[in-house]
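Chemist: Submitted below is the structure of interest, expressed as structure tokens.
Since every read-out is calculated from the coordinates, none of them should be taken as a lab result. Note that the structure is predicted; figures quoted are calculated from it, not measured. Cβ atoms come from the backbone with ideal geometry, glycine included; neighbour counts cover every protein chain shown.
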Amino acid sequence: MRLEWFLALRFMWDQRLQSALIVTGVGIGVAVMVFITALITGLQSSLIERTLGSQPHVIVTPLEREGRPVRRAEGGEVLVRHVERPIQQARSIDEWQKAERVIRLLPEVEASVPLAIGPGSAVRGNTEEGVLIIGAEPARLDAVIPIRKNLRVGRYDVSGVDVVLGVELAKNLGVSVGDRVRLRTASTEGQVYVVRGIVDMGGREMNRTWVLMSFRAAQTLTGQPGRASAIYVRVREIYAAEGTSRAIAGQTGLTSRSWMESNAQLMTALSSQSASTTMIRFFVLVSVAIGIASVLVVSVIQRSKEVGILRAMGAARAVVLRVFLIQGGVIGAAGAVVGSLLGFGLTQGFRALITNADGTPFFPFSITPQLFGLALIVATIAGVIAGVVPARRAAALDPAEAIRNG
Amino acid sequence: MAEATTTDDENVVLKLAGITKAFEAAGSIVEVLHGIDLELRRGELCALTGPSGSGKTTLLNIIGLLAKPTSGALWIAGQETSRLDDAALTKLRSRHLGFVFQFHHLIGALSCAENVAMPLLIRGGVRPSAALAKATDALEQVGLADRASARPAQLSGGQQQRVAVARALVADPALLLADEPTGNLDTANSDAVFELLRRLNRDRGTGVIVVTHDSRIAERCDSRVEIVDGWVHDDSRWKVEV
């Protein structure tokens, strides 16, 4: 192989301008691929991160009770015309400890937390706001959904009569840390709680309704003592949520919904975005490969006499084949290096020039060493593949003919 | 024509028996070689002459294993070649044959020393540094040691052809085929290149076939085979020495 590398590199060096031009061309193509991949991957992961910032990866709830179907007598006479769905809210997971044990044994599960959730209202003076009471052990809920990270003021360390409110809710009620607020539900008069923290979950609905308290306090307030209304689960790899959700449903008999299922529209948007990015990358790659192939075809024509001489001197067809395949691969690899640098420069330029009002970058580029490694591998393989046709042509040259006619 | 020698004779570097070559042209078969018998011994310098279109180049291509004969047998260094595939023929070329062409055909991308080292590198089994050292020795023998690192384009026509001779001989082939090696040179350079071939042929015992139109060159060879219309017209081997 040493001879083939030597000849390939010498041939390329001999036609420096031609080599430089095609490497630049390939580099621009690779830069486009690197830039678009970094941009789309960054946008998607930031979107997912924002979505999952306030959502668990999997929500496990009691099995939904279905109404019985319309009953018909023989002959088609309708016996029961209308069947109402049973009230779902009142239901809770009775044996949540057992279910949670099963969930925690699943390999992809990183953390889980049982919650007591229910509707209620917060009253202060003449103001009454509808709220969502969410009770869970603070540390455990924080391991599933980042709460502490989103605290505006105070702390999320609730027990007894401590609560943490969404930022909008606190504003509407006019309370801050240390103030008191009455919470009640449809079935209980409730009691007075002390605000320990105010949290900004990034979504208006959550900020307007969330009241976080201890698991036990919420169980009492929402009227489900000893029971949990849901189990929230965090998985190690976010795209494993769907499989884990199915496994949970299968093993516990409970209803389980992954974040992907809950955000089906987002997932559709992301996958169509990924598909269009793949199309762009594919066509850029094809044009890069065609560019390399055309340069090598010309090179084979220019060098056919030299190929003939090499063959006459005893160089095997395979040697000639490899000389041109190596050239394709080297052009691809060199183009990938140039393109990676160019792509990286572009992302840094965009980062520096286009920023949000607070100075943070507008485009959340995702640049990883893997991206450059992948660009190198893909471009090199594309180069070698592009070299196949010209290389086969060179290897098939009749030496006598090539020497005589060039 | 010399009496056919068996291939067991290790002094026979080339033997042709009944070589014919036919081409298909415009729907009909045209035979350009009609049964050539030829033998070349070690250390023999033979001129292959004949008018243009007589079949010299076709014969040289067959001898150089660059074309297959339609019928007949060909031995190179004792090995019969008609049943060998392309890979085996390629290997045989790299082991036993050297070529000098009319237009030197050096590889422009390589230095003179690298051009000369190429047959050694192709044959393999030698370190590149050793191949380059041997190439520099070969260049010294043709008087161009000082131009080892020059590119072929920086040399005169005569110098380029001397580099081509060094390249053809560096791997010590059993048989050297020279197709009009002086055809593109002036008289002085032509004489210099021929003398070089002659000297190396004497010193190393390489069998050499020189295709030439130049009667001055042909007369200075050990023997002369004239091809006319695809036949051996005259085989005057009056002073073959082994």
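Chemist: On alpha carbon coordinates alone, what is the Rg over Rh value for the range B:122-242, Rh being the Kirkwood radius?
Modeler: Rg/Rh: 1.00.
Chemist: Out of all Cα-Cα pairs in the range A:161-216, roughly what percent, to the nearest whole number, are more than 14 Å apart?
Modeler: Result for the distance tail: 51 percent.
Chemist: Please report Rg (one decimal) and Dmax (integer) in Å for the Cα set of the range B:124-168.
Modeler: When restricted to the Cα atoms of the range B:124-168, Rg and Dmax are 10.6, 33 Å.
Chemist: If one takes the longest principal axis of the Cα atoms in chain B, at what angle in degrees, from 0 to 90 and to the nearest 10, does the Cα axis of helix B:128-141 lie?
Modeler: With both axes taken from Cα atoms, the answer is about 80 degrees.
Chemist: Output the DSSP H helices from chain A with an along-axis C-alpha extent of no less than 24 Å and a mean Kyte-Doolittle hydropathy no less than -1.0.
Modeler: Result, helices passing both filters: A:16-52, A:264-302, A:317-353, A:369-395.
Chemist: Something else about it: On full extension of the chain, what length is gained from residue A:302 through residue A:185, given 0.36 nm per residue of separation minus the C-alpha to C-alpha distance?
Modeler: Taking 0.36 nm per residue and subtracting the Cα distance, the gain is 33.5 nm.
Chemist: Follow-up. Compute the distance in nm between two label points, each set 7 Å from the Cα along the Cα-to-Cβ direction, one at residue B:22 and one at residue A:271.
Modeler: 6.7 nm
Chemist: Which of B:49, B:64, B:18 sits closest to the plus end of the dipole of the range B:1-90, meaning its Cα is farthest towards the positive end, when Lys and Arg get +1 and Asp and Glu get -1 on the C-beta?
Modeler: It is B:49, whose Cα lies furthest towards the positive end.
Chemist: Rank A:143, A:369, A:203 by how far each Cα sits towards the positive end of the charge dipole of chain A (+1 on Lys, Arg Cβ; -1 on Asp, Glu Cβ) and give me just the farthest.
Modeler: A:369
Chemist: Now for a separate question. Tell me, what ³J(HN,Hα) does each residue in the range A:199-205 have, in order and in whole Hz, if you take phi through Karplus 6.51 cos²θ - 1.76 cosθ + 1.60 with θ = phi - 60° and put x for Gly and Pro?
Modeler: Result, rounded to whole Hz: 10, 10, 8, x, x, 5, 4.
Chemist: 7 Å from Cα along Cα→Cβ at both residue A:104 and residue B:204: what's the point-to-point distance in nm?
Modeler: 8.4 nm
Chemist: Using unit Cβ charges (K, R positive; D, E negative) and no other charged atoms, how large, in debye to the nearest 20, is the dipole of the protein assembly as shown about its Cα centre?
Modeler: 2460 debye
Chemist: Let me ask you something else. Which value in deg cm²/dmol, rounded to the nearest 500, describes the helix-derived mean residue ellipticity at 222 nm for chain B, given -39,500 (n - 2.57) per DSSP H run of n ≥ 4 and division by the residue count?
Modeler: -10500 deg cm²/dmol
Chemist: Fewest to most neighbouring Cβ within 10 Å: what's the order for A:311, A:50?
Modeler: A:50, A:311
Chemist: I've got another one for you. Past 27 Å, Cα to Cα: identify those pairs from B:21/B:134; A:305/B:134; A:305/B:91; B:15/B:134, in the order given.
Modeler: Long pairs (Cα-Cα over 27 Å): B:21/B:134; B:15/B:134.
Chemist: Do you know the relative contact order of chain A, to the nearest whole percent, from alpha carbon pairs under 8 angstrom that are 6+ apart?
Modeler: Dividing the mean separation by the residue count of chain A yields 26 percent.
Chemist: So what's the back-of-envelope 222 nm ellipticity for chain A, counting only DSSP H runs of four-plus at -39500 (n - 2.57) apiece and dividing by all residues, rounded to 500?
Modeler: Here the helix-only value at 222 nm equals -18000 deg cm²/dmol.
Chemist: Neighbouring Cβ atoms within 10 Å as the yardstick, rank B:112, B:221 fewest first.
Modeler: The most exposed by this proxy come first: B:221, B:112.
Chemist: Just rank A:277, B:58, fewest to most, by other beta-carbon atoms within 10 angstrom.
Modeler: Placing the least packed residue first, the sequence is A:277, B:58.
Chemist: Would you list, by chain and number, the lysines whose Cα falls below 27 Å from the Cα of residue A:149, excluding same-chain residues fewer than 8 positions away?
Modeler: A:171
Chemist: Please get the size of the charge dipole for the range B:1-148, origin at its Cα centre, with Cβ charges of +1 on Lys and Arg and -1 on Asp and Glu, quoted in debye to the nearest 20.
Modeler: 380 debye
Chemist: Mind listing the long-range amide H neighbours of residue B:99? Cut-off is under 5 Å, sequence gap 5 or more, other chains count too, H placed in the peptide plane at 1.01 Å from N.
Modeler: HN-HN under 5 Å from residue B:99: B:177.
Chemist: Here's a follow-up. Over the alpha-carbon set of the range A:333-374, work out the extent along each principal axis and list the three values in angstrom, largest first.
Modeler: Projected onto the principal axes, the Cα atoms of the range A:333-374 cover 39, 16, 8 Å.
Chemist: Mean 1/r over all different Cα pairs, inverted: what Kirkwood radius does the protein assembly as shown give, in Å?
Modeler: It works out to 32.3 Å.
Chemist: Right, here's the next one. Based on Cβ point charges of +1 for Lys and Arg and -1 for Asp and Glu, what charge dipole magnitude is obtained for the range A:280-406 about its Cα centre, in debye rounded to the nearest 20?
Modeler: About 420 debye.
Chemist: Give a quick list of trypsin sites (Lys or Arg not before Pro) in the range A:110-190 that DSSP marks as loop, anything other than H, G, I, E or B, with at most 13 other Cβ atoms within 10 Å.
Modeler: A:155
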